[in-house]
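Where a number appears in this text, it was derived from the coordinates with a stated rule and is not lab data. The shown structure was predicted, so the numbers you read here are calculated from the model rather than taken from an experiment.
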Amino acid sequence: MKKATLLFMFSGLTLIVLSQENYVTKSTGGIETGFLGVWLYDEIRLTNVIALRSEIGLSSRIWNDKVVTAVNSGYYVVPVLTLEPRLYYDLKSRYSKSRNISGNSGNFVSINIRFHPDWFIITNYNKPNIVNQLALIPTWGVKRNIAKHFTYEAGCGIGYEIYFTKRVGYSKNTDGVAFNYHLRIGYRF
């Protein structure tokens, strides 16, 4: 079922790609920050409307376990590596309306492939537990320019996350639903 869904998505995206013209920026990169994180990114053109975005950054989470005590509330910061093919599907329309499309300013759909490695963790919790995690999340989003070098981006999606347990004492994998929701501002180099 999952393979059939992905095949259907990519075949639909291919039809859209064949009907568009060349507007994706050849290469663009920068730094972005958002709620609970900071990321360096680079986007390179693969086809006329598809760009491959790669990111490295620090992602944060805040939690509060009201059931036990206030001791079980806090934060953690972990590294994240992301690879995301993006289809910018409205660049032609935006260009025809004389809107700014530099730096791939437009609407997109993507497959967000996110990996949280077990390299380090920064937290206020005294027993940090983090395992390698891989998420595949179909995402819809918008990216816009503010002036020449500043951008903002918003997106949301729902997908699947896999936990790789390698340490003794961990229970079975708790694979499941993963969410990608972001609101970021950035500086484009």
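Here are the numbers:
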| read-out | value |
| --- | --- |
| Chain lengthening between residue 185 and residue 121 when straightened (0.36 nm per residue, less Cα-Cα) | 20.6 nm |
| Placed amide H near residue 175: partners under 5 Å, 5+ positions off or other chain | 163 |
